[in-house]
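Where a number appears in this text, it was derived from the coordinates with a stated rule and is not lab data. This is a predicted model, so every value here is computed, not measured. Quick reminder, even Gly has a Cβ in these numbers, built from the backbone with ideal geometry, and neighbours come from all protein chains shown.
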Amino acid sequence: MVKIKIAVVLFLFLACGLSVEGDGSNHRYKEGDRVPLYANKVGPFHNPSETYRYYDLPFCSPEHVTEKREALGEVLNGDRLVDAPYELNFKEEKQSRSLCKKTLSKEEVSKLRDAVSKDYYFQMYYDDLPFWGFLGKVERDKLDQSESKYLIFKHIHFDILYNEDRVIEINVQTDPNLSMDITEDKKVDVEFSYSVAWKKTEIPFEKRMEKYSKSSSMPQHLEIHWFSIINSCVTVLLLTGFLATILMRVLKNDFIKYSHDEEALEDQEETGWKYIHGDVF
C-alpha cells in the first residue's frame, strides 16, 4: 500500500512538472498562448554600468508587479526582471492597442526629461530573447542649438518573427510622430499604446541567437578602446623597465662590494636576504 502511494505521488509530481514545462520553458506555443515577457532595466546608453529598475521611471505597470525568480547568472549580470504590461500573445496581431493613460506630475516630467537627455534605453526579454528601445529623443533647433525639445515616445511597435510554433526574433520600433513634448515642467496627460505584427521566417530555432553574437545594439557591446589598451601595455612595460633597472643597479653594487671587501664583510652584521649571499653568489 505504501509503495502504491509513493508511485501516485511520483506520478502527480511528474505530471505537474510536465504541465509547467509546457508553459514557455520548452519555447513552443499555440496561437493565443501567453509568451513570457519581462521588463529588465533602464539606463544611459553611453554608460552601460549605470542601470536602474524599469519601474523607477513612471511607465505603465500592471496591477500586480511580480518579480521573476532569477538564476545566478542573471543576478551577477545585474538583471531585475519584472512583469511587463504588454500582452504579446503568440501570433496575435494588434493595432494601436491602448496600454494605459497617465497624468504625469511635474516631478515625473522632469525625471523623464533627464532620462531622455541622457539617451536612456530600456531592456526587456521576450521568450528569453533580449531587445532594447529608446525612451525618447532630443530635437535641437537648427538655428539655435541651445534650444532643444524633449520628446517621449508614446507608441511602441513590436515586429516578431516566428517559425511554426516558436518565436525566432523580436524587434522594437518607435514612431517619432507619436510622441509627447516634455520640455516644460508642467503636468501632462499622456496615453501610451502599442502594436504587434507577426511575420513568418525560415530561420531555425537553433540559430535564433546568432544575430546577438554577430552584431547588436546591446549597450554591453561597445567598441574596443585600443588607445586604453595600448596605454596600459606601455605603462606596464615602463614600470617593468624601471624595476629591472633598479634591481640591476642594486645587484651590481652588491657584486662590487662583496668582491672587494670580502674579508671586511665578515665583521659586519648582515640583515635580511643578505644572510644567504654566500649561497647566492
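Points to keep in mind about this one:
- When you filter the trypsin sites (Lys or Arg not before Pro) in segment 119-183 for DSSP loop state and at most 16 other Cβ atoms inside 10 Å of their Cβ, you are left with Lys142.
- Placing unit charges on the Cβ atoms of the charged side chains and taking the dipole of segment 25-206 about its Cα centre, the candidate lying farthest along the positive direction among Val188, His157, Phe59 is Val188.
- Positive-end residue of Val172, Tyr29, Gln95, charge dipole of segment 25-206 with Cβ unit charges: Gln95
- Magnitude of the charge dipole for segment 29-72, about its Cα centre and with charges confined to Cβ atoms of Lys, Arg (+1) and Asp, Glu (-1), is about 100 debye.
- Shape analysis of segment 25-206 based on the Cα gyration tensor places the equivalent ellipsoid semi-axes at 30, 19, 16 Å, largest first.
- Pairs of C-alpha atoms in segment 41-141 farther apart than 20 Å represent 47 percent of all such pairs.
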